[in-house]
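**Student:** Please find one structure pasted underneath; my questions will follow.
The values are calculated or read from the model by the stated rules, or taken from the named source; none is laboratory data. Treat the numbers as computed from the prediction; the structure is a model and nothing was measured. Here Cβ is always computed from backbone atoms with ideal geometry, including for glycine, and neighbour counts include all displayed protein chains.
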Amino acid sequence: MGVCSIHDGDELAITCPVRFRQEWLIAEHAADFFFSEDSRWTTLTEVRLDDRNGKSAGNIDVVLVSYDDRGRLLDFGALEVQAVYISGNIRQPFERYMKTPEKIGSFDWSGNKLYPRADYLSSSRKRLAPQLIYKGGILHSWGKKQAIALHSGFYKTLPKLPEVKRDRADVAWLVYDLQLDSSRQRYNLTLSKTVYTQFKSALDKITMPEPGPIKNFIEHLQSRLDEKSEDNNPPDAPTLTDLLES
């Protein structure tokens, strides 16, 4: 996979997972949370995690392992990289561009209704939450620390997580931005902040919606019921009389 990013104004909208691997900073930052300063450690990528029944709970993006001078494993922690899904379409603008590549200077797809944009809701509900529940749940039961690398635009869409001091945390949220190095005309991965939480409180906050007042839902139901009465439409399902006469 190549390096890619999509920007919305000055804010980073999407970063591909490979972008998080610049200079392997995410591993350095995760190791700082997992292990003591003088630890020997290395990384293992795409490590399968099984449940009690031998069924896969998924692959862990990066497992950091510490070891002694004989190469025997001492400890480990799990690092997950959470990039963002997109909605929209990338193939169509590429095909359009390939028809007239000489017009790249004037090519603009931004007004199209299928213009790619960050789908934060799907990224949290369909990707982040299940990973925390399945893989994270197993690691938590083993008493192992976890780190989650994500960019700041995505982190801002999450509910406010209950923070704790570092020495009480078992999850570190590594929040990154891409900052422009104008001298080299390239973006560099930069850790903007680290948020320390406990596993269960963070999981509950992400997976449990904050309910609004029931009054609002009742008013909505009443409005729908009023519309149905005004339309005076017969019910879709057959009535008892219809069944008896058939």
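**Student:** Give the residues of the stretch 27-66 that are in a strand (DSSP E or B) and within 11 Å of Leu79 (Cβ to Cβ), sorted by residue number.
**Tutor:** Of everything in the stretch 27-66, those that are in a strand (DSSP E or B) and within 11 Å of Leu79 (Cβ to Cβ) turn out to be Thr43, Leu44, Thr45, Val47, Ile60, Asp61, Val62, Val63, Leu64.
**Student:** So how many residues does the stretch 32-58 have that are within 17 Å of Ile133 (Cα to Cα) and of a type in the set (Ser, Thr, Tyr)?
**Tutor:** So the count comes out to 1.
**Student:** Let me ask you something else. Within the bounds of the stretch 202-219, is there any residue that is hydrophobic (A, V, I, L, M, F, W, C) and closer than 19 Å to Ala31 by Cα?
**Tutor:** no
**Student:** Let me ask something additional. What tally of residues in the stretch 155-178 results from selecting those that are assigned to a loop (DSSP other than H, G, I, E, B) and under 14 Å from the mean Cα position of the chain (by Cα)?
**Tutor:** Number satisfying all stated conditions: 4.
**Student:** Test Pro130 against the criterion of being within 24 Å of Phe76 (Cα to Cα), assigned by TED's automatic domain parsing to the domain that holds Ala31 and modelled with pLDDT under 90, and give yes or no.
**Tutor:** Spelling it out, Pro130 is indeed within 24 Å of Phe76 (Cα to Cα), assigned by TED's automatic domain parsing to the domain that holds Ala31 and modelled with pLDDT under 90.
**Student:** Answer with yes or no whether Ile148 is modelled with pLDDT of 70 or more, surrounded by 18 or more Cβ atoms within 10 Å (Cβ to Cβ) and assigned by TED's automatic domain parsing to the domain that holds Tyr176.
**Tutor:** So Ile148 passes the test.
**Student:** Considering each of Leu161, Leu221 in turn, give the residue that is out of contact with any Asp or Glu (no Cβ under 6 Å at 6 or more places or on another chain), in the same structural domain as Val62 (by TED's automatic domain parsing) and at pLDDT 85 or above.
**Tutor:** The match here is Leu161.
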